[in-house]
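Derivation of every value follows stated rules applied to the coordinates shown; laboratory data play no part. Source: prediction; values computed, not measured. Glycine gets a Cβ as well: all are built from the backbone with ideal geometry, and neighbour counts include every protein chain shown.
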Amino acid sequence: MTLFRIPAAIAAALLAAPFALAAPAAPAQQQQAQANKPAEPTYAKDYGDWTVRCFPGNSPTPCQMVQLRIVQKTKQRILGVLLAYMPARDANLMEVSVPLGVALQNGLIIASDTYKSGVLKFTRCDQEGCYVEGAVGADVLDSLGRATKAQVQILSMNGKRYDLVFSTKGFGEARHAMLDLAKQKGGAAAPAPAK
């Protein structure tokens with residue numbers, strides 16, 4: 001799997017619409033949050049269990065496909081898988097988010113009936129969870145598109161393994177729609193990597 005850490009500027013573009021389920025903010029914080037709030041998507045459509053979203057403005061990654069697994073009772077996100085396409089570099093980007101409490105040194109593994117990654121290292125954590133972010137090869141996405149089942153394997157800090165299942169239903173259709181829409185929008189040139 002071609003997956004590696006990406007420059008912060010590209011990661012920021014990838015995260016134009018983060019997964020986070022924010023807690024209600026105090027009134028003063030609400031005004032600041034509104035100023036920093038990501039733009040609402042101009043396009044959002046479900047393809048099976050995936051949602052394709054495109055955003056206004058000129059971004060290196062104008063469209064993305066996302067699947068969230070949320071515990072309905074608590075509204076806690078237990079898994080997020082986001083893919084975006086960068087037309088200017090013909091690059092696919094992926095972000096996988098898992099809950100806090102994972103054994104960071106062990107990373108995570110993406111496994112399906114058609115593909116298994118090596119250990120993928122976490123790039124960052126925040127109050128919502130921990131993330132693996134990076135570029136991913138089209139061959140990996142093609143394999144996931146053929147899968148009938150897929151999961152993210154993590155270890156908790158106490159050593160217990162968890163298999164966080166995500167659906168591949170609609171993956172191929174969502175990916176093709178995202179690619180077509182991103183190419184139509186063109187995308188801004190990506191910032192050059194810092195030296």
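Beyond 31 Å between alpha-carbons counts as too far, so tell me which of Lys75/Lys185; Lys75/Lys183; Lys149/Lys183; Lys73/Lys183 fall in that bin. Walk me through the numbers before you get to the answer.
Details: Lys75/Lys185 33 Å; Lys75/Lys183 34 Å; Lys149/Lys183 29 Å; Lys73/Lys183 38 Å.
Pairs exceeding 31 Å: Lys75/Lys185; Lys75/Lys183; Lys73/Lys183.
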For Lys45, Lys75, what ranking results if the residue with the fewest other Cβ atoms within 10 Å of its Cβ goes first? Lys75, Lys45
Expected vector for segment 146-160, Karplus 3J(HN,Hα) from phi with 6.51, -1.76, 1.60 and θ = phi - 60°, integer Hz, x for Gly and Pro, equals 8, 6, 9, 8, 8, 7, 10, 9, 10, 10, 7, 4, 8, x, 7
In whole Hz, what ³J(HN,Hα) sequence does segment 86-96 give by Karplus (6.51, -1.76, 1.60; θ = phi - 60°), x for Gly and Pro? 10, x, 4, 10, 6, 10, 9, 10, 9, 10, 10
Calculated from backbone phi, Karplus (6.51, -1.76, 1.60) coupling profile of segment 100-116 in Hz, x at Gly/Pro: 5, x, 7, 7, 4, 5, 8, x, 9, 10, 9, 9, 9, 6, 10, 7, 9
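Which of the three applies to segment 88-154, rounded, prolate or oblate, going by the alpha-carbon gyration tensor with a ≥ b ≥ c and a/c under 1.5 meaning rounded?
Values: a/c = 2.29, a/b = 1.37, b/c = 1.68.
Here segment 88-154 falls in the oblate category.
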The set of residues whose placed amide H lies less than 5 Å from the amide H of Ser167, leaving out same-chain residues fewer than 5 positions away, is none
If amide hydrogens are placed 1.01 Å from N in the peptide plane, which non-local residues have theirs closer than 5 Å to the one on Ile70? Ile78
For segment 149-184 versus segment 65-82, the gap between their alpha-carbon centres in whole angstrom: 11
